[in-house]
Amino acid sequence: MRNVLVFIKCELGKTYDVAAEIVETDLCPTVYSVSGEYDLFALVRFDDDADIGREICEGLQKIPGVKETTTTICFNPFTRDTGLKNK
């Protein structure tokens, strides 16, 4: 499984509409409204063999009211339980 962080800028007045539409997709069950440069934050999980670029372009970016997305692919998680695996 690959975790991807997607930061979303929305057209003015469309943030809640965009969030409602995103949570209805299979891509992302939870979307957060955030302060700052972006309007929404989504943590999306993909199968290892998924075409992430296509999923973002065809899925999230085509939702009416989405103005811009910034996508960050996550590599290794570090948690209190696992610590640093590659010491």
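Each value in this text was obtained by applying a stated rule to the coordinates, not by laboratory testing. Predicted model only: the values in this text are computed from it and were never measured. No Cβ is skipped: glycine too gets one built from the backbone with ideal geometry, and neighbour counts run over all protein chains shown.
Data for the structure
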| read-out | value |
| --- | --- |
| Estimated 222 nm signal from helices in the chain, with DSSP H stretches of n ≥ 4 weighted -39500 (n - 2.57), rounded to 500 | -3500 deg cm²/dmol |
| Approximate shape of the chain as ellipsoid semi-axes (Cα gyration tensor, √5λ), whole Å, largest first | 26, 15, 11 |
| Rounded to whole Hz, the Karplus (6.51, -1.76, 1.60) HN-Hα couplings of segment 62-71, x for glycine and proline | 8, 6, x, x, 7, 9, 6, 10, 10, 10 |
| Loop chymotrypsin sites (Phe, Trp or Tyr not before Pro), segment 15-75 (other Cβ atoms within 10 Å of the site Cβ: 11 or fewer; DSSP) | Phe75 |
| Value of relative contact order over the chain, rounded to a whole percent, pairs C-alpha under 8 Å and six or more apart | 43 |
| Sequence of Leu5, Leu27, Leu12 once ranked by neighbouring C-beta atoms within 10 Å, starting from the fewest | Leu12, Leu5, Leu27 |
| Cross-link reach list, aspartates and glutamates versus Lys9, counting only Cα pairs under 19 Å and skipping chain neighbours closer than eight places | Asp17, Glu21, Glu24, Glu37, Asp39, Glu55, Glu58, Glu68 |
| Sum of side-chain charges, Lys9 neighbourhood, beta-carbon under 9 Å (Lys, Arg +1; Asp, Glu -1) | -3 |
| In sequence order, calculated HN-Hα J values of segment 21-29 (Karplus, 6.51, -1.76, 1.60; Hz; x Gly/Pro) | 5, 4, 5, 7, 7, 7, 6, 8, x |
| Highest to lowest packing among 68-74, 57-63, scored as the average C-beta count within 10 Å | 57-63, 68-74 |
